[in-house]
Amino acid sequence: MGIWLAKGAKPYPKYGETEVPLPLERIGMILQPGFFISFIVIHSVVFCSSMYLEYYHRKIGKLIKFIKPEQQRRLAYASLIVGGIAQLFFIAQAISGTVYVRAGLRASTHYAVLLATFAILVMISLGLNFTNYYIMGQYYRKYVNGERWNKFTISFVLKIIWLFVTLTVAIICCVFYVKKKKNVSSVLEWIFHFWYGLLLAFWTYDLYPLTELRALRNKSASTEKPSIKEKVSSFFGSKKMSKNDDVDSNTEKSTTAVTINATDSSISGEDDQSVGGLESPVGFNYTTRYDYI
């Protein structure tokens, strides 16, 4: 879109496009065929990996597990397999369409068949995936919280509305294209592509608890492990405390020594004579001395 607008948003009669706006697919095929095919491949990988990640994390318990494991696993398997096959048709139609357009030829029936097959299969795949949310929503309403409009039911209803609108826009777009009203069909095709992008928003909401779980784990890890600044401050703080302890112990020892010297010097001369004499220290009461001490 950006390249097309930067080049004047003009038609390309050489490639059979005489009206504006051009269909988004034709813009990619004409102006940036390599980027267009690469983008289609990236889209297919994101589509399949998003469906697989949801199934895998429900299986291991990082997301809410399946309520009816056997039935819902089969739905998930079928959705993933059908979706993968649909993406193969999508890549094939993108390559064949690019070859036809770059050669200045009209797209043959093979291109239309590939595109129609992709559309049908991807809608079946999404319908199977959405059914799992209906099953979980009904279970939560009956056995868990009694809420009719729980998050699974709301997700299912929104996705079904999205699917219905997608099918309606695609059919109307094809009708106008067959009637040779390319300007109207091109506008509807632009709307279709932007509307289709809402699917990524739905999947982001479904997988959002994984990001919350990772954030909680990172937070707990950061609280358990002290930072480098805390380690350095605690190290120098302990060194300072040990120095203060040494100073306090030396001060205490010197104070004790001074006290002992002062006590020894306070002995009277009479005590010196009685202790130093050969005669028995008459008048020296040991009990009284012991009590005093």
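Do the conditions hold for LEU105, that is, is it modelled with pLDDT of 90 or more and either of a type in the set (A, V, I, L, M) or over 23 Å from VAL178 (Cβ atoms) (or both)? Before the answer, list the steps.
Working: modelled with pLDDT of 90 or more: no; either of a type in the set (A, V, I, L, M) or over 23 Å from VAL178 (Cβ atoms) (or both): yes.
No, not satisfied.
So for region 46-62 (the condition being touching a helix residue (DSSP H, G or I) at 6+ places or on another chain (Cβ under 9 Å), without any contact (Cβ under 8 Å) to a residue 40 or more places away in the chain and of a type in the set (Gly, Ala, Ser)), does at least one residue qualify?
No, the conditions are met nowhere in region 46-62.
Say whether the condition of being outside any helix (DSSP H, G or I), touching a Pro at 6+ places or on another chain (Cβ under 9 Å) and either hydroxyl-bearing (Ser, Thr, Tyr) or under 22 Å from TYR177 (Cβ atoms) (or both) is met by at least one residue in region 22-45. Walk me through it before giving the result.
Step one: of region 22-45, the residues outside any helix (DSSP H, G or I) are 22-23, 32.
Now drop any that are not touching a Pro at 6+ places or on another chain (Cβ under 9 Å), which leaves 22.
Subset that is either hydroxyl-bearing (Ser, Thr, Tyr) or under 22 Å from TYR177 (Cβ atoms) (or both): 22.
Checked against the condition, which is being outside any helix (DSSP H, G or I), touching a Pro at 6+ places or on another chain (Cβ under 9 Å) and either hydroxyl-bearing (Ser, Thr, Tyr) or under 22 Å from TYR177 (Cβ atoms) (or both), region 22-45 yields at least one hit.
Could you please tell me which pairs satisfy a Cβ distance under 7 Å, a separation of 6+ or placement on different chains, a first residue in region 177-191 that is farther than 12 Å from THR18 by Cα, and a second residue that is among the β-branched types (Val, Ile, Thr) and surrounded by 14 or more Cβ atoms within 10 Å (Cβ to Cβ)?
LEU188/VAL169; LEU188/ILE172; ILE191/VAL169
Restricted to region 63-72, and to residues that are touching a helix residue (DSSP H, G or I) at 6+ places or on another chain (Cβ under 8 Å) and modelled with pLDDT of 90 or more, which residue is surrounded by the most Cβ atoms within 10 Å (Cβ to Cβ)? Steps first, answer last, please.
Taking region 63-72 as the starting set, the residues that turn out to be touching a helix residue (DSSP H, G or I) at 6+ places or on another chain (Cβ under 8 Å) are 63-68, 71-72.
With the extra rule that they be modelled with pLDDT of 90 or more, the set shrinks to 71-72.
Values: GLN71: 13, GLN72: 19.
That would be GLN72.
Restricting attention to region 120-132, which residues are over 14 Å from PHE164 (Cβ atoms) and small (Gly, Ala, Ser)?
SER125
Quick test for you: out of TYR111, TYR134, pick the one residue that is without any contact (Cβ under 8 Å) to a residue 40 or more places away in the chain, surrounded by 16 or more Cβ atoms within 10 Å (Cβ to Cβ) and either more than 23 Å from TYR15 (Cβ to Cβ) or in contact with a Lys or Arg (Cβ under 7 Å, 6 or more places away or on another chain) (or both).
Checking each option against the conditions leaves just TYR134.
At least 3 residues that are at pLDDT below 80 and not hydroxyl-bearing (Ser, Thr, Tyr) in each: list the helices (runs of 4 or more DSSP H) lying fully within region 177-225 that qualify.
Answer list for region 177-225: 208-224.
Quick check: is even one residue across region 43-59 within 25 Å of the chain's Cα centre (by Cα), farther than 24 Å from LEU198 by Cα and surrounded by 14 or more Cβ atoms within 10 Å (Cβ to Cβ)?
yes
The values are calculated or read from the model by the stated rules, or taken from the named source; none is laboratory data. Since this is a predicted model, take the numbers as computed values, not measurements. Cβ atoms come from the backbone with ideal geometry, glycine included; neighbour counts cover every protein chain shown.
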